[in-house]
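What follows is one structure encoded as structure tokens, with my remarks underneath.
The values are calculated or read from the model by the stated rules, or taken from the named source; none is laboratory data. Just so it is clear, the model here is predicted, and its values are computed rather than measured. Backbone-built Cβ (ideal geometry, glycine too); neighbour counts: all protein chains shown. For accessibility, only protein heavy atoms count, side chains too; no ligands or nucleic acids. Shrake-Rupley method; radii C 1.70, N 1.55, O 1.52, S 1.80 Å.
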Amino acid sequence: MTRFWKAFATVILIVASTALATAEERWQTLPEPAPMPKPEQSGYAPVNGIQMYYAVFGKGDPVLLIHGGLGHADIWASQVATLSKTHKVIVADSRGHGRSTRTDEPYGYDLMASDYLALLDYLKIDKTALVGWSDGGIIGIDIALHHPERLTRLFAQAANVTTDGVDPGVMTNKTFAAYIDRSGRDYKKLSKTPDQYDAFVAQISHMWESQPAWTKELLGKITTPTAIVAGDHDEAIKRAHTEYMASAIPGAKLIILPNASHFAMLQAPDEYSQAALDFIDAK
């Protein structure tokens with residue numbers, strides 16, 4: 001009997017250690033998004049010469065979720081499921097991403113921000129909270145800079161405000177490489193031009209080479225209540241740059257998500273959703 005309990009205890013320790021190791025390493029994983037809930041409304045909005053895919057869920061004060069570069073709206077499935085219980089949640093595919101079309105017009109954050117503002121107009125939404133990831137966070141900052149009257153709050157995760165905020169080591173990172181590979185497969189499944197992924201990446205890469213480029217003085221003019229958010233293991237954005245952004249934007253709250261990376265919404269969906277809700281609903 002004693003031998004049995006010793007063996008049993010050893011098994012428990014192994015299982016516990018394995019679980020702990022897995023938890024400690026979740027920032028290195030790239031989980032698949034959960035299934036997207038059924039929208040109450042979806043379709044294509046004609047904005048700025050493109051057909052922009054969108055979907056709307058739930059009722060309440062609006063929240064716009066904007067995905068990152070090369071991604072698509074379905075990445076937000078877990079956040080949609082949580083936030084739509086108390087809010088009207090809007091997601092969309094940015095121009096050229098996912099199901100949305102693109103034109104030959106050069107990419108720029110001002111243009112992409114204007115796409116989302118036109119979508120809000122199409123949906124007759126005057127003002128919204130915005131949760132943005134990576135490029136989505138940059139688009140959110142662009143709107144806060146130029147159209148603050150359209151935002152109630154901004155939760156900007158894994159964003160940068162100058163190109164030197166990007167860690168040059170990101171292109172050799174395995175998790176990020178897996179994301180790029182998955183994005184290519186998703187593009188082929190979702191896009192109306194499934195054979196143009198390389199052309200799309202080349203087009204948007206021109207924007208990334210020089211944008212964004214916002215000065216500290218300009219960031220200091222932001223009046224929208226803002227949270228600057230990052231995973232503590234973000235492989236794309238330098239931690240010092242995230243902290244700089246939080247210090248440059250008046251009253252900004254710095255939120256560091258533990259044991260998470262650039263892809264925190266997939267790695268820690270419940271914690272991510274709660275952090276966004278807590279900030280959006282703060283009085």
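Kindly evaluate Arg153 against the criterion of being among the basic types (Lys, Arg) and either open to solvent by 40 Å² or more (accessible area, probe 1.4 Å) or without any contact (Cβ under 8 Å) to a residue 12 or more places away in the chain (or both).
In short, yes.
Among the candidates Pro39, Pro46, which residue alone is at pLDDT 95 or above and either aliphatic (A, V, I, L, M) or surrounded by fewer than 16 Cβ atoms within 10 Å (Cβ to Cβ) (or both)?
Pro46 is the lone residue from the list that is at pLDDT 95 or above and either aliphatic (A, V, I, L, M) or surrounded by fewer than 16 Cβ atoms within 10 Å (Cβ to Cβ) (or both).
If only one of Tyr244, Tyr272 is open to solvent by less than 10 Å² (accessible area, probe 1.4 Å) and either closer than 18 Å to Ile141 by Cα or at pLDDT 95 or above (or both), which one is it?
Testing whether each residue is open to solvent by less than 10 Å² (accessible area, probe 1.4 Å) and either closer than 18 Å to Ile141 by Cα or at pLDDT 95 or above (or both) leaves just Tyr272.
So in segment 57-80, with the set limited to residues that are part of a loop (DSSP other than H, G, I, E, B) and farther than 18 Å from Tyr187 by Cβ, which one is most open to solvent (accessible area, probe 1.4 Å)?
Looking at the filtered set, the residue picked out is Lys59.
Just one of the numbered conditions (1) in a helix (DSSP H, G or I); (2) over 30 Å from Lys85 (Cα atoms) is not true of Asp270; which one?
Of everything listed in (1) in a helix (DSSP H, G or I); (2) over 30 Å from Lys85 (Cα atoms), Asp270 misses just condition (2).
Test each condition in (1) surrounded by 20 or more Cβ atoms within 10 Å (Cβ to Cβ); (2) farther than 30 Å from Gly60 by Cα for Glu217 and report the one that comes out false.
Of the numbered conditions (1) surrounded by 20 or more Cβ atoms within 10 Å (Cβ to Cβ); (2) farther than 30 Å from Gly60 by Cα, the odd one out for Glu217 is (1).
Pairs, please: C-beta under 6 Å, at least 6 apart or cross-chain, first residue on the phi < 0 side of the Ramachandran plot and open to solvent by less than 50 Å² (accessible area, probe 1.4 Å) and in segment 192-207, second of a type in the set (Phe, Trp, Tyr) and assigned to a helix (DSSP H, G or I)?
Listed by first residue and then by second, the contacts come to Tyr197/Tyr187.
Of the residues that make up segment 122-131, is at least one under 16 Å from Ile222 (Cβ atoms), under 16 Å from the mean Cα position of the chain (by Cα) and open to solvent by less than 60 Å² (accessible area, probe 1.4 Å)?
Yes, segment 122-131 contains at least one residue that is under 16 Å from Ile222 (Cβ atoms), under 16 Å from the mean Cα position of the chain (by Cα) and open to solvent by less than 60 Å² (accessible area, probe 1.4 Å).
Sort out which residues of segment 102-121 are open to solvent by 10 Å² or more (accessible area, probe 1.4 Å), under 29 Å from Ser261 (Cα atoms) and of a type in the set (Ser, Thr, Tyr), and write them in order of number.
Correct list: Tyr107, Ser114.
Checking the condition over 19 Å from His67 (Cβ atoms), part of a helix (DSSP H, G or I), of a type in the set (D, E, K, R) and at pLDDT 95 or above, which residue from Asp142, Asp164, Asp195, Asp181 passes? Lay out the reasoning, then the answer.
Values: Asp142 fails: over 19 Å from His67 (Cβ atoms); Asp195 fails: part of a helix (DSSP H, G or I); Asp181 fails: over 19 Å from His67 (Cβ atoms).
From the options Asp142, Asp164, Asp195, Asp181, the qualifying one is Asp164.
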